[in-house]
Every structure is written in structure tokens, then in C-alpha cells.
């Protein structure tokens with residue numbers, strides 16, 4: 001292990017070892033901690049070492065995800081409470097399993113009713129004088145204060161259904177509480193008896209029309225979600241208060257590790273991880289860090305690595321026909337008449353989010369105010385027009401190529417951050433130089449300069465997440481499997497040599513980083529993407545089929561949306577009209593071209609809904625769709641099994657998403673977060689090997705449990721090469737001297753070229769057993785048409 005890896009994983013004597021593998025469970029009222037306990041025996045038999053639990057702290061009632069925390073002081077009662085968590089841990093320990101928990105440090109819910117979040121409730125009542133005021137990232141100077149304290153500011157609450165004057169009659173006073181439908185707000189002491197207009201002007205919050213959020217919001221939030229208000233865990237006492245329960249459970253041996261949600265939203269990700277490592281003695285910790293292109297995880301972060309989207313991109317990419325994907329992209333651009341390439345769509349998505357009317361306009365305006373204050377305090381920096389500052393900031397945020405620069409005030413800026421910022425504002429005018437130097441911390445220290453440096457990075461991460469993954473990836477529909485979290489559709493595919501190089505790097509620097517294929521945030525599950533990947537091997541045939549379906553169904557409301565619709569049907573077939581319509585409407589609203597969450601176009605949405613339902617009700621079209629899916633099936637099966645084996649055997653800790661040990665064809669949330677039937681999976685796990693052959697679901701389950709149980713025997717990674725006319729269709733590597741993984745790439749092209757023919761894989765000395773079929777092979781050249789005749793993959797071990 002290198003020094004960087006060693007420093008990133010400070011495990012003291014007595015600390016529990018890192019996981020061999022994890023299994024992600026989405027806890028919710030429909031699948032509680034009690035249900036998780038019932039699944040422990042099955043998950044132990046499956047072969048994982050740790051259960052990976054979604055957020056545990058008390059969330060908004062009915063929450064199906066848990067990222068909307070309202071109380072850091074207790075384990076969610078709707079999930080079963082702390083007693084149920086301790087019971088789950090005891091049962092897991094009896095079966096040799098440990099627990100990892102998802103941590104949400106960046107934000108809390110702004111819930112309904114609001115008193116569910118007591119720290120925020122007290123801020124609403126007492127304003128900046130509240131002992132909890134420093135918990136939340138609020139710019140008090142951005143809104144005029146109460147009528148008797150205009151200089152102290154107020155918190156904007158943009159949640160009214162119409163302008164304030166239009167809903168005054170819907171506001172009522174109930175004792176010390178102001179009510180608006182299901183909302184409840186505390187009244188500032190001594191104001192309950194005032195006339196309503198005066199009462200409203202005396203509060204520490206300003207109730208406003210929800211449409212004002214993008215322009216006037218003065219609290220930082222999670223991306224563009226107004227209902228999630230940012231928490232300032234960089235303040236030591238806030239960190240301690242918000243982590244006390246989880247740290248106590250770690251100290252008690254209930255929790256052994258942590259997944260950190262959205263670290264890029266934090267003021268100081270490295271500082272947060274350092275504080276967490278100190279508090280836990282170096283517990284196993286991974287971060288939901290999205291790495292873009294060749295970007296690497298900062299080597300000085302004290303964590304085990306990422307949650308695995310970087311692995312997802314490499315695994316998907318090495319199984320994709322790069323040339324075919326590029327031909328498919330050209331066919332898409334011709335059909336929809338779209339001159340944009342994927343990287344141009346990404347830049348446009350960023351620009352739309354940060355423009356004067358964009359959803360992140362308030363965040364950019366806050367940066368402008370900060371720079372104006374800095375300039376006002378230093379004569380040498382004076383006379384930069386607000387409009388010029390705003391244009392420069394928008395240009396920088398639009399062109400910035402990754403999520404954020406990791407610049408810490410008082411430290412030299414990392415070379416990568418310097419290069420990225422300078423490339424984004426290269427024109428050299430005085431305003432651009434000012435913004436660039438402030439973003440890189442080059443102009444010295446002051447509270448305002450430090451805040452700008454930090455807040456620019458936080459804003460950049462929101463722009464990347466919302467402008468690219470939640471805007472551009474819903475607009476650009478050439479091949480949907482490319483539009484995944486951490487994806488790079490402008491550069492489809494990964495060459496085998498680059499895949500091996502990445503695996504070697506990971507083993508050297510981040511050996512305990514997670515690997516993932518499906519998560520609660522993937523837009524399409526691994527098996528859905530495996531189907532779509534086959535389309536890149538038949539680009540012309542797919543484009544023709546897509547056109548034929550459109551002819552059969554009639555003109556679609558939008559040509560790009562037609563590509564989205566037909567690929568969604570391919571990805572998740574068969575699916576109900578409800579699932580299809582929900583996915584299409586969410587995609588269209590996120591794309592923000594014909595409709596959006598903030599300005600829904602009822603006519604477009606109705607036309608899209610009718611079109612989708614009509615396609616599924618078309619008696620001539622559905623059999624054709626089913627037939628095409630059936631034609632793809634053998635190649636999709638090959639891609640799915642290949643991806644699964646790579647996921648489970650490349651360097652890192654595989655995180656198996658609930659239900660994905662069998663074929664799983666889910667779409668964007670909430671479709672991918674529904675409870676799964678682990679009981680039925682447990683029954684199928686006991687099937688005999690002969691029952692599994694030829695049944696894709698049982699084959700994938702068999703592969704998953706076989707690979708998981710072998711992980712203790714893994715050693716160092718070494719690439720292996722096949723020899724023969726079809727050698728490029730095999731990806732193989734050793735894990736130490738006694739384990740070999742081999743998978744088929746581009747199965748349609750392989751079949752079209754005549755199969756494996758005389759292609760062989762050289763096995764080292766010894767006697768080798770292929771674990772999926774229990775057949776044995778001698779050392780030396782093994783013909784691939786024999787090794788891979790039952791499965792398109794092989795997992796070999798040497799010895800008895």
C-alpha cells in the first residue's frame with residue numbers, strides 16, 4: 001500500500017477490519033430495521049460481510065429515503081428505533097456480519113409541519129439570536145429584517161402557493177403558532193396579538209410565494225431542493241451535536257463504518273473527514289464523491305475511498321462498443337436535428353442553472369454580494385460592476401469541468417484546481433482575474449475572502465450536479481446508459497488497457513474503496529443499462545427500429561423524448577404505464593425544455609402521458625417491442641453477468657444493491673427504491689446448480705454468491721490477455737496466483753464474427769476449477785469456446 005493509501009485509511013489496533021463486501025438496504029416504513037433483521041440469515045448465506053444501511057436518524061414522517069433528517073438525537077422510530085437497530089446488530093453479529101450506516105452531514109429537512117425540526121423551529125422564533133442560528137447556512141443580510149430590526153435580516157421561506165397578498169386569508173394565528181394549511185411557524189415572543197400584517201412584518205422569517213426561491217432564497221440548500229436546508233458541520237459544536245448519536249453507536253460496536261452523503265456540499269470536506277476519523281479512531285468511511293473524467297480522489301482525504309460511481313463508469317465503459325456508440329450518437333443527432341454534442345449540452349445545462357433566471361441564481365447572487373463586500377473593504381480591488389462580476393461567475397461555473405476545486409483558505413491551491421479555474425476564465429480581464437484569484441485563495445485572508453473561496457466551491461458542486469446530471473443528462477438521449485451518475489457521455493467507452501490501468505491504480509491507492517453498479521441514485525439499474533449497451537452494437541438497426549416504432553405510435557411530442565421513451569421501454573421491459581409515465585414526466589421536468597418542476601406545462605405533459613399510454617396500448621407495437629427485447633436478450637444477459645463478475649472481483653469493496661443479485665430492471669427514483677422480496681431470494685439461493693443453468697435470474701444469483709464467498713482468497717490484481725482471432729472480446733485478470741476472472745465483451749460482435757473460434761486463455765500451472773460450473777481445466781491454453789460455453793463469464797480457482 002502506498003503512503004497515500006495508508007494515510008487515507010487510519011485503522012488503529014483493535015479497529016474492525018474493512019468490509020470484504022456490503023449489501024445496501026433501503027430502509028423505509030415499508031422495510032424497517034425489523035425487516036432487515038429477518039433478512040440477516042439470507043444475506044450471510046449470500047456471502048456479504050457488512051450490511052449497508054440507508055440513513056438511520058429520524059426523518060420526515062413517511063420518508064422512503066431518510067435523507068430528510070429532522071432529529072439527530074434518535075434513531076428513526078418509523079424504522080423501529082434504537083432498540084430495533086441494536087437487535088439487528090446483535091443478529092448480524094451472530095452471523096458474522098457488521099453494519100455500515102449512511103450519514104447525512106450536509107443538510108436537514110425543512111419539514112411540514114415545521115416544528116418537527118426543533119433547531120430550525122427555534123431559529124424561526126428567535127432569529128439570529130437563537131443558540132441554533134449558527135447551525136444553518138443563512139445569509140441574514142440578504143433580506144431586510146423585521147420592521148423593528150430592519151438591519152438584522154430575516155429568513156426567506158418561499159412556500160406560499162401564491163403571492164402573500166393573495167393568501168392572507170389562509171393564514172391563521174393559533175396561540176403562539178402561525179398556520180398556513182399544514183404548515184406551522186413559531187411566533188416571535190410578544191407578537192401573537194398583533195394585527196396579521198404587522199405580525200408578519202415582525203417575524204424573523206418572511207413567508208413568500210414559492211416562485212421567489214430561485215432569485216431571493218437566502219439559505220443554502222441541497223442542490224435546488226428548498227425543503228432541505230444546509231447544516232454547518234464545519235462548526236465543531238454543530239458537528240458534535242449532529243453526530244453524537246451515530247458516534248455513540250459506533251463506540252458501542254453497533255456501527256462499524258460510514259458512508260458520507262454528498263461531501264462536496266460541505267464547507268471543508270477534508271476537515272470534516274479528519275474530525276470524523278479522529279472521533280471514530282479511523283472507522284471505515286467512504287464518500288459519495290463523484291469523480292469526473294480523469295479526476296482522482298484527493299489523496300489527503302482520510303477515508304477508504306468513494307462509494308463506487310468511478311467503478312461503475314469503468315465497468316460499463318469496458319463492456320460498451322465505443323465505435324458503435326459514436327455511430328448511434330450521430331444517428332440521434334441527425335434524427336432530432338440537435339447540433340449539440342454531449343459536452344455542449346452539459347455546458348448549456350450549467351449555464352441555464354446559473355443565469356439570472358436559473359434555479360441557482362440566488363446562490364450566484366450571494367457570491368456577487370460577497371465579492372462586492374471584499375471590493376468595498378479594499379481600495380485596490382474597487383470598481384468592479386455587479387453585472388460584470390455576475391457574468392464572470394456564471395462563465396466560470398459554466399466552464400468548470402469537475403464538481404469543485406478543493407481549495408482551503410490559507411493553503412496553496414491544488415495544481416488541478418489552479419489549472420481548471422485558469423482554463424475556465426482565461427480571457428484575462430480585471431474582473432475575471434479578481435474572481436479567479438479569490439476562488440483560488442490568492443488574495444490573502446479575511447473572513448469574507450475565506451467565505452468566498454469556500455462558498456464558490458460549494459456552489460460549483462451544486463451547479464455540476466444539477467446542471468449536468470439533473471439537466472443535461474435528461475436532455476441528451478442518444479444512449480441512456482451513458483447518462484449515469486459520474487458518467488461521461490461525451491467520451492463513451494473505456495479501452496481494456498485503460499480499464500486495467502485504473503484497476504491497478506485503485507489497488508495501489510484505494511484498495512478499500514467501494515465499487516457499485518446499482519444504487520438508490522442510479523438513473524437505471526445495472527441490468528437495464530446492460531440491455532441498452534447492446535444497442536451500441538447495432539446502432540443502425542436500432543435507429544431504424546426506433547423510427548418504425550415512432551411511425552406506428554404516431555408523432556411524439558418531441559423527437560429527443562421519443563428516443564427517451566423507446567430506450568426506457570427497452571431498459572425496463574416489461575413495465576406498467578404508471579412506471580413509464582412517472583419516469584418520462586420526471587425526465588421532462590428535469591430537462592426543463594418543455595416543462596419543469598417550477599413551471600409545469602400541462603398541455604405538454606398531457607400529450608406526453610397520452611402518447612406513452614397509447615404506445616403501451618398499441619396492439620401491433622407491443623409485440624414488436626417484446627420481440628426486439630427478446631432479440632437483445634442473449635447479449636444483454638452476457639453484459640449483465642460480465643458486469644456483475646467485474647463488480648465483484650475488481651479491486652475494492654463491492655456494494656450489492658438490494659435485489660440486484662438477480663436481474664433488476666429499475667428506473668430513476670423512486671422506482672429504484674421500492675422494497676424487494678428478500679424472502680423469495682433466500683428460497684432461490686438454495687436451488688441446486690442444475691436448476692440454475694439456463695435461468696438467467698438463478699444464474700446471476702449463483703454468480704453473485706459464488707464470487708462473494710471467494711473474496712477472502714483474492715490477491716493482487718494482474719491483467720491477463722487471450723490469444724486468437726477474438727482475443728479483444730475477452731477481458732481477464734488474476735486476483736493473486738489462485739483466482740482468475742474472465743468475461744465476454746461485445747457479445748453481439750463476437751457472435752457476428754463467428755464466435756471464439758481458436759481463441760484461448762493461458763492458465764498458469766496447476767489444476768483449475770471453474771466455480772460456476774465446477775468443471776476442471778488443466779494448465780496451459782484453454783479454448784474459450786469450451787470455457788465459456790455455459791456462461792459468458794468464468795471464475796476460476798487453482799487447487800483442490
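In the range 223-232, is there at least one residue being in contact (Cβ under 8 Å) with a residue 12 or more places away in the chain, buried (at least 17 other Cβ atoms within 10 Å of the Cβ), assigned to a helix (DSSP H, G or I) and touching a strand residue (DSSP E or B) at 6+ places or on another chain (Cβ under 7 Å)?
Within the range 223-232, not a single residue is in contact (Cβ under 8 Å) with a residue 12 or more places away in the chain, buried (at least 17 other Cβ atoms within 10 Å of the Cβ), assigned to a helix (DSSP H, G or I) and touching a strand residue (DSSP E or B) at 6+ places or on another chain (Cβ under 7 Å).
Name the residues in the range 630-640 that are surrounded by fewer than 24 Cβ atoms within 10 Å (Cβ to Cβ) and in contact with a strand residue (DSSP E or B) (Cβ under 9 Å, 6 or more places away or on another chain), would you?
none
Do we have residue 204 as outside the structural domain of residue 62 (by TED's automatic domain parsing), within 40 Å of the chain's Cα centre (by Cα) and closer than 25 Å to residue 72 by Cβ here?
Yes.
Check every one of the helices (runs of 4 or more DSSP H) wholly within the range 483-572 and list those with 2 or more residues that are in contact with a strand residue (DSSP E or B) (Cβ under 6 Å, 6 or more places away or on another chain) and either under 27 Å from residue 294 (Cβ atoms) or free of Cβ contacts under 8 Å to residues at least 40 places away in the same chain (or both).
Those helices (runs of 4 or more DSSP H) span 496-509.
Please count how many residues of the range 94-130 are buried (at least 19 other Cβ atoms within 10 Å of the Cβ), touching a helix residue (DSSP H, G or I) at 6+ places or on another chain (Cβ under 8 Å) and part of a helix (DSSP H, G or I).
Selection size over the range 94-130: 7.
Residue 296: buried (at least 17 other Cβ atoms within 10 Å of the Cβ), assigned by TED's automatic domain parsing to the domain that holds residue 277 and over 20 Å from residue 425 (Cβ atoms), yes or no?
In short, no.
Please state which of the following conditions residue 764 fails to meet, knowing it meets all the rest: (1) in contact with a strand residue (DSSP E or B) (Cβ under 7 Å, 6 or more places away or on another chain); (2) buried (at least 16 other Cβ atoms within 10 Å of the Cβ).
Going through (1) in contact with a strand residue (DSSP E or B) (Cβ under 7 Å, 6 or more places away or on another chain); (2) buried (at least 16 other Cβ atoms within 10 Å of the Cβ) one by one, residue 764 breaks only (2).
Residues that are within 38 Å of the chain's Cα centre (by Cα): list the strands (runs of 3 or more DSSP E) wholly contained in the range 699-800 that include at least 2 such residues.
717-720, 730-735, 739-744, 760-770, 793-798
List pairs: first residue in the range 398-420 and free of Cβ contacts under 8 Å to residues at least 60 places away in the same chain and assigned by TED's automatic domain parsing to the domain that holds residue 441, second residue surrounded by fewer than 16 Cβ atoms within 10 Å (Cβ to Cβ) and in a loop (DSSP other than H, G, I, E, B) anywhere in the structure, Cβ distance under 7 angstrom, at least six positions apart or on different chains.
Listed pairs, sorted by first residue: 409/445; 410/445.
Any idea which of 470, 450 is surrounded by fewer than 19 Cβ atoms within 10 Å (Cβ to Cβ) and either free of Cβ contacts under 8 Å to residues at least 12 places away in the same chain or assigned to a helix (DSSP H, G or I) (or both)?
450
Select from the range 597-645 the residues that are within 27 Å of the chain's Cα centre (by Cα) and not in a helix (DSSP H, G or I) and write down the one among them that is nearest to residue 471 (Cα to Cα).
597
In the range 178-196, what residues are over 17 Å from residue 226 (Cβ atoms) and without any contact (Cβ under 8 Å) to a residue 24 or more places away in the chain?
Passing the criteria: 179, 190, 191, 192, 193, 194, 195.
Please determine, by comparing only the residues of the range 736-747 that are surrounded by fewer than 23 Cβ atoms within 10 Å (Cβ to Cβ) and in contact with a strand residue (DSSP E or B) (Cβ under 8 Å, 6 or more places away or on another chain), which one is nearest to residue 499 (Cα to Cα).
745
If you take the residues in the range 656-679 that are outside any loop (DSSP other than H, G, I, E, B) and in contact with a helix residue (DSSP H, G or I) (Cβ under 9 Å, 6 or more places away or on another chain), which one is farthest from residue 48 (Cα to Cα)?
Top of the filtered list is 671.
Output the residues belonging to the range 195-222 that are assigned to a loop (DSSP other than H, G, I, E, B) and out of contact with any helix residue (DSSP H, G or I) (no Cβ under 9 Å at 6 or more places or on another chain).
Matches in the range 195-222: 195, 202.
Any residue at all in the range 173-189 that's modelled with pLDDT of 95 or more, in a helix (DSSP H, G or I) and either outside the structural domain of residue 89 (by TED's automatic domain parsing) or crowded, with 20+ Cβ neighbours inside 10 Å (or both)?
No, because not a single residue in the range 173-189 is modelled with pLDDT of 95 or more, in a helix (DSSP H, G or I) and either outside the structural domain of residue 89 (by TED's automatic domain parsing) or crowded, with 20+ Cβ neighbours inside 10 Å (or both).
For the range 319-429, list the helices (runs of 4 or more DSSP H) that sit wholly inside it and hold at least 2 residues that are closer than 27 Å to residue 271 by Cα; which are they?
Result: 361-377, 386-399, 415-424.
The values are calculated or read from the model by the stated rules, or taken from the named source; none is laboratory data. Small disclaimer: the values here were computed from a predicted structure and weren't measured. Every residue, glycine as well, gets a Cβ built from its backbone with ideal geometry; the counts of neighbours run over all protein chains shown.
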